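Any read-out appearing in this document is the output of simple, stated calculations on the displayed coordinates, not a laboratory observation. Owing to the predicted nature of the structure, the values given are computational and were not obtained by experimental measurement. Positions of Cβ are backbone-derived with ideal geometry, glycine not excepted, and every protein chain shown enters the neighbour counts.
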Amino acid sequence: MSDFSSAFGLAGHHALITGGGSGLGLAIAECFVGAGARVTLVGTNREKLSAACDGLGEAAAYDVHDVTRFTDAAACADRVAKRLGAVSILVNNAGNTIKKPIPDMAFADFQSVMDVHVGGAFAMSRAFIPQVAEMQGSILFTASMSSFLGIPDIIGYATAKSACVGMVRSMAAELAPRGIRVNGVAPGWIDTSLFRDATARDPARRARIEARIPMRKWGRGSDVGWAMTYLASAAAGYVTGDILVVDGGALHAF
């Protein structure tokens with residue numbers, strides 16, 4: 001029988017987190033480091049990545065890479081492996097959004113969101129599959145409530161996040177024979193600076209959201225981070241193709 005630390009811990013793992021320099025990516029990194037993993041943060045802002053690594057300590061490093069440069073993903077994978085060792089956990093977390101009603105959403109707007117969430121995640125997954133397979137590890141995706149709920153004015157984001165759910169299921173089926181598990185976490189409304197700024201300008205929206213959450217509180221970044229930690233750990237060794245919703249019950253509320 002495994003003990004708690006070996007079942008739920010991440011000692012010996014090397015996790016790469018896209019969009020890892022701030023927000024949910026940084027919260028995931030903090031939980032992974034707390035569980036014993038080494039982490040590599042990937043993003044486009046060197047200063048932000050460096051500051052995040054300073055806060056995380058010696059277990060953290062970073063690599064500057066734009067996930068929308070699809071043909072550069074293989075070079076990123078090679079560079080990280082040579083410098084920091086093979087990756088056993090890949091977290092496709094990098095994201096962006098453009099909030100506009102459909103008539104105002106230019107195709108370029110729509111495509112820019114798809115490029116990050118879908119194209120970027122596919123390119124990174126494809127590039128890191130050999131490493132993750134060698135380490136018998138896992139690939140994780142940050143999904144969204146908009147993967148399941150109709151939310152106005154974010155057609156690009158909702159479409160992209162729904163596509164991520166499809167990638168989780170398809171990759172899980174295809175990669176299981178290679179020893180790779182693939183799962184996702186769909187966060188509800190998480191108390192980040194971005195969320196606070198957005199809802200401060202729209203108190204009616206904030207009230208509607210809060211009324212929908214049975215637990216009557218906002219989520220924390222660590223709620224998402226610990227859910228990701230579980231899915232990456234041996235405790236979830238028989239879990240693949242799943243989306244874990246972390247939302248205080250909002251998806252199921254009346």
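Order of 30-40, 173-183 by packing, highest average Cβ count within 10 Å first?
30-40, 173-183
Roughly how many debye, to the nearest 20, is the charge dipole of the range 36-166 about its Cα centre, given +1 on each Lys and Arg Cβ, -1 on each Asp and Glu Cβ, and no other charges?
140 debye
I need the semi-axes of the equivalent ellipsoid of the chain: take the C-alpha gyration tensor, multiply each eigenvalue by 5, square-root it, list largest first in whole angstrom.
Whole-Å semi-axes of the equivalent ellipsoid: 28, 21, 18.
So how do 150-158, 11-19 stack up, highest first, on mean other-Cβ count within 10 Å?
11-19, 150-158
Where does the charge balance sit around residue 27 when Lys and Arg score +1, Asp and Glu -1, over other residues with C-beta under 14 Å from its C-beta?
Summing Lys/Arg as +1 and Asp/Glu as -1 gives -2.
How do the peptides 112-119, 137-144, 82-89 rank, highest first, by the average count of neighbouring beta carbon atoms within 10 Å per residue?
Per-residue Cβ counts within 10 Å, averaged per peptide and sorted highest first, yield 137-144, 112-119, 82-89.
Tell me the net charge near residue 43. Cut-off is 12 Å between Cβ atoms, residue 43 excluded, with +1 for each Lys or Arg and -1 for each Asp or Glu.
Charge balance in the 12 Å sphere: -1.
So what's the convex hull volume per residue for the Cα atoms of the range 44-160, in Å³?
119 Å³
Which whole-number value in Å³ per residue fits the convex hull of the alpha carbons of the range 173-213?
108 Å³
Gain in length, residue 59 to residue 11, computed as 0.36 nm per residue apart minus the alpha-carbon separation, to one decimal in nm?
Length difference between fully extended and current span is 16.2 nm.
Within the range 129-151, name every residue whose backbone N is under 16 Å away from a label modeled 7 Å from Cα of residue 102 along the Cβ vector.
Under cut-off, by backbone N: 149-151.
What whole-number value in cubic angstrom gives the convex hull volume per residue for the C-alpha atoms of the range 146-254?
Residue-normalised Cα hull volume stands at 113 Å³.
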